[in-house]
Amino acid sequence: MANQTKGLTRVIKAAGYSMKGLKAAWINEAAFRQESVAAILAIILAFYLDINYLERILLISAVVLVAIIELINSAIEAVVDRVGSEYHQLSGRAKDIGSAAVFVSIGLALFIWAMVLWQRYGTSY
């Protein structure tokens, strides 16, 4: 085998690449910074709410999903921008669909938060 990285070394290198990606997203993507700050605040709030652990996991997962989708969207945009600066219908479509994925994930997170909070703190019959 020609110089394959195996085992723990591969995991360590992969973690390094992941940290490099998070750093690049933080430095270059304002939306990622904004959504990350919102996610951190939401996670802190989730630990202060009087909810059970499954509800807490659901709330936290919803906001982390937004950050994950934003990272994927940022990767798509970087690749499209690398290919060329001239407008192309497929490039525009790729960026629009990535943006739509972020939008849908934010909507889902808001829906989950609203339903959990309404169920827990809303008016009782």
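Is there a residue in region 81-88 that is of a type outside the set (A, V, I, L, M) and modelled with pLDDT of 95 or more?
Among the residues of region 81-88, not one is of a type outside the set (A, V, I, L, M) and modelled with pLDDT of 95 or more, which makes the answer no.
Please enumerate the residues belonging to region 100-125 that are part of a helix (DSSP H, G or I), open to solvent by 60 Å² or more (accessible area, probe 1.4 Å) and either of a type in the set (S, T, N, Q) or under 23 Å from residue 36 (Cα atoms) (or both).
103, 104, 106, 108, 110, 111, 115, 119
Can you name the residue in region 30-49 that is within 20 Å of the chain's Cα centre (by Cα) and open to solvent by 90 Å² or more (accessible area, probe 1.4 Å) and is also farthest from residue 71 (Cα to Cα) among such residues?
In this case the residue turns out to be 47.
Pick from region 1-29 the residues that are open to solvent by 100 Å² or more (accessible area, probe 1.4 Å) and among the charged types (D, E, K, R): which of them is modelled with the lowest pLDDT?
Across region 1-29, the extreme among qualifying residues is 6.
The values are calculated or read from the model by the stated rules, or taken from the named source; none is laboratory data. Small disclaimer: the values here were computed from a predicted structure and weren't measured. Note: areas computed on protein heavy atoms with side chains; ligands, DNA, RNA excluded. Shrake-Rupley method; radii C 1.70, N 1.55, O 1.52, S 1.80 Å.
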